[in-house]
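Participant: Below you will find the structure I want to go over with you.
The values are calculated or read from the model by the stated rules, or taken from the named source; none is laboratory data. Because the structure is a prediction, the values reported are computed rather than measured. Cβ placement follows ideal geometry from the backbone for every residue including glycine, while neighbour counts extend to all protein chains displayed. The protein model used for the area step is the full one, side chains on, heavy atoms only, and it has no ligands, DNA or RNA in it. Shrake-Rupley method; radii C 1.70, N 1.55, O 1.52, S 1.80 Å.
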Amino acid sequence: GKVSGEADVLVLAAPKDLDEKALFAVDQFLMQGGTVIMASSPFSASVSQRSLSLQKHNSGLQQWLAHQGFNMEEKLVMDKQNLPFPVPVSRNLGGFSVQEMRMLDYPYFVDVRAQGLNSDNPITSGLPQASMTWASPIMVDQSKQQGRRLTELLRSSNQAWLSGDMNIVPQVNASGVSPYVPVGEQKSHLLGVISQGRFDSYFAGKNSPLLNTAASDKPAENGTAAEEQGDKDTATNAQTISGVIQRSPESARIILFSSNDFLSDSVISMTSMATGGQYLNGVQLLANTVDWALEDEGLVSIRARGNFNRTLPSMEQTTQAFWEYLNYGLALAALLVVGLVQRQLKRRREQEYQRWLAN
């Protein structure tokens, strides 16, 4: 029911089914001027070697976030600017079965880069790229943000759209192409945000949930003296735990990322396959956030240097086909040139040989 007084930052990574006591602890930590870093979404993915599924995820913080001015629609952001999804494919080569990884277009892996990263904030200014997997759009209630400083950290590209489909298995048609077609309006969606300033407690005007717990946990004792001592202890504990901090100081901050899975081991493994190297930008993002919350910007700038393979930006299928055929054409042209040069040299050697025989 409370957060340790030694804590400077509270990180909630994919919180699930928080009860009222836990919610009270989060709320009162914020009211004391703390920083709450949260990675949360209405959905969570279950990933294994043989299956991929999506289920609804109850964090227990939805009403609390709405009270503080943040809502997340129960939809997923899909973006044409994305990281591919690695799928193992078996091929038959001369009677031998060979398994290889095939990269499929997967709009659920939102590739946030360039204008999608806030270049003015130390958390994201040093990151070349960040991937938000199975993320939901953050909607900010501006009426509840009065007097606070709002900073947008992450945004999808302008080619993003929303989907309510729970089937997230990569789609492949007969020609081997991922047939994802945008549905509805395409625009940029907010995926990461900071709000700093005064917050009103969700429990303002309510009794502390710890008070009822303390009363129910009081042990039964016999004897008048014991009863009197128990009454005194109960009164003391009630004074200690029944207090509710109504409003936070200006130093309080909420940092929200709208994905439950971008820090999970399975997602890091898949994105590493897609990028061709160890992918730690999600962890880097969280580390930068903690450093910034602790006002240690020196570590942020040092750690964020060059930790990403600078891949080519995503391209349309027709553009990819153009460059692929152009590569084939240039290779054939180079072979033809080599053949012609070889033939010319052979003819010169034959002519020189004939001249030697004539002499």
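Participant: Please report the relative contact order for the stretch 145-194, taking Cα pairs under 8 Å with a sequence separation of at least 6, and give it as a percent rounded to a whole number.
Facilitator: Relative contact order of the stretch 145-194: 59 percent.
Participant: Which lysines have a Cα less than 22 Å from the Cα of Lys144, not counting those fewer than 8 places away in the same chain?
Facilitator: Candidates past the 8-residue exclusion: Lys206.
Participant: Using a Förster distance of 25 Å, how high is the FRET efficiency between Ser143 and Glu185, based on the Cβ-Cβ distance and rounded to 0.05?
Facilitator: Efficiency at R0 = 25 Å is approximately 0.60.
Participant: Turning to a different aspect of this structure: Evaluate E = 1/(1 + (r/R0)^6) for Arg198 and Leu335, where r is the Cβ-Cβ distance and R0 equals 51 Å; express this FRET efficiency to the nearest 0.05.
Facilitator: The formula returns an efficiency of 0.10 here.
Participant: I've got another one for you. Taking amide H positions as placed 1.01 Å from N in the peptide plane, with prolines and chain starts having none, which residues 5 or more places from Gln129, or on another chain, fall under 5 Å of its amide H?
Facilitator: Distant-sequence amide H within range of Gln129: zero hits.
Participant: Could you rank Thr319, Thr133 by how accessible they are, 1.4 Å probe, largest area first?
Facilitator: Sorted descending by solvent-accessible area, the residues read Thr319, Thr133.
Participant: Sticking with this one: Counting only residues 5 or more places away or on other chains, whose amide H sits under 5 Å from the amide H of Phe43 once H atoms are built in the peptide plane?
Facilitator: Under 5 Å from the amide H of Phe43: His57.
Participant: Sequence-distant or interchain residues sharing an amide H contact under 5 Å with Val11, placed H: which?
Facilitator: Distant-sequence amide H within range of Val11: Ile37.
Participant: Can you pull the percent of the stretch 1-54's accessible area that's carbon plus sulfur, 1.4 Å probe, other chains left in place? Don't skip to the end; give the middle numbers.
Facilitator: Numbers: 1100 of 2630 Å².
The C+S portion of the solvent-accessible surface of the stretch 1-54 is 42 percent.
Participant: Which value in nm describes the separation of the simple spin-label points at Ser125 and Arg355, placed 7 Å from the Cα toward the beta carbon?
Facilitator: According to this spin-label approximation, the distance is 7.2 nm.
Participant: Let me ask something additional. Rounded to the nearest 10 Å², what accessible area does Lys187 have for a 1.4 Å probe in the complete protein model?
Facilitator: For Lys187, the solvent-accessible surface is approximately 90 Å².
Participant: Accessible area per residue, 1.4 Å probe, Å², for the stretch 39-81: what's the number? Mind dumping the intermediate values first?
Facilitator: Working: 1960 Å² over 43 residues.
Normalised by residue count, the accessible surface of the stretch 39-81 is 46 Å².
Participant: Taking the Cα-to-Cβ direction at Met166 and at Ser269 and moving 7 Å from each Cα, how far apart do the two end points lie in nm?
Facilitator: Spacing of the two 7 Å Cα→Cβ label points: 2.6 nm.
Participant: Taking only the alpha-carbon atoms of the stretch 117-165, what semi-axes of the equivalent ellipsoid follow from 5 times the gyration tensor eigenvalues under a square root, in whole Å, largest first? The partial results should precede the final answer.
Facilitator: On the way: eigenvalues 88, 75, 13 Å².
The equivalent ellipsoid of the stretch 117-165 has semi-axes of 21, 19, 8 Å.
Participant: How high is the relative contact order of the stretch 19-163? Use alpha-carbon pairs under 8 Å, at least six apart in sequence, and give a whole percent. Before the final figure, lay out the partial values.
Facilitator: Working: 227 pairs, mean separation 37.2, N = 145.
That works out to 26 percent.
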